[in-house]
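The values are calculated or read from the model by the stated rules, or taken from the named source; none is laboratory data. No experiment lies behind these values; they were computed from the predicted model shown. Here the Cβ positions follow ideal geometry from the backbone for every residue, glycine too, while neighbour counts run over all protein chains shown. Heavy atoms of the whole protein, side chains included, go into the accessibility calculation; ligands, DNA and RNA do not. Shrake-Rupley method; radii C 1.70, N 1.55, O 1.52, S 1.80 Å.
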Amino acid sequence: MVIRSATERDAAAVAELVVQLGYPLTAEGAAQRIREIGNDEALFTAVVDNKVVGLIQVSRMTGLEHEPRAEIRALVVDEKQRGGGIGKALVEKAEAWARERGLPMMRVRSNVKRERMRIFYERNGYAVIKTQNVFEKNL
């Protein structure tokens, strides 16, 4: 397995993985989002046998209420590849990215219905610190 930065050539595979995560996304939409990734974030892919089988997006987060930190924005491993260490390797890559930028903490948000993810993150040293409501408004 190789973990590398995503490129626009990965757009179709990225879209497929995001759909597995439960969010609609086309290859064209994925290509646009990959192009928009800035200096304060990264999108890494896990590649096995020349096929993208996982991804992680990590961002630097700043705010008045907390010190700068990193946050995992998305993590998904292909359904056929889960349980083989790919997710752990992607998280380790994101943590290394954060350390290289002097960020002392990693945060991740996961829907409470994703019980397997809760177990995964706790097994990898993360602790639940709160639950919250999320509000949204179309503009």
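So is residue 100 modelled with pLDDT under 95 and either more than 23 Å from residue 15 (Cα to Cα) or in contact with a strand residue (DSSP E or B) (Cβ under 8 Å, 6 or more places away or on another chain) (or both) or not? No; evaluated as a whole, the condition is false for this residue.
Here residue 121 does not qualify as more than 24 Å from residue 2 (Cβ to Cβ), open to solvent by less than 50 Å² (accessible area, probe 1.4 Å) and either touching a residue at least 40 places away in the same chain (Cβ under 8 Å) or under 17 Å from the mean Cα position of the chain (by Cα) (or both). What residue, among those in the range 108-118 that are basic (Lys, Arg) and open to solvent by 80 Å² or more (accessible area, probe 1.4 Å), is nearest to residue 71 (Cα to Cα)? Among residues in the range 108-118 that are basic (Lys, Arg) and open to solvent by 80 Å² or more (accessible area, probe 1.4 Å), the one nearest to residue 71 (Cα to Cα) is 109.
Out of contact with any helix residue (DSSP H, G or I) (no Cβ under 6 Å at 6 or more places or on another chain), surrounded by 10 or more Cβ atoms within 10 Å (Cβ to Cβ), aliphatic (A, V, I, L, M) and farther than 29 Å from residue 12 by Cα: does that describe residue 90? Judged against the criteria, residue 90 is not a match.
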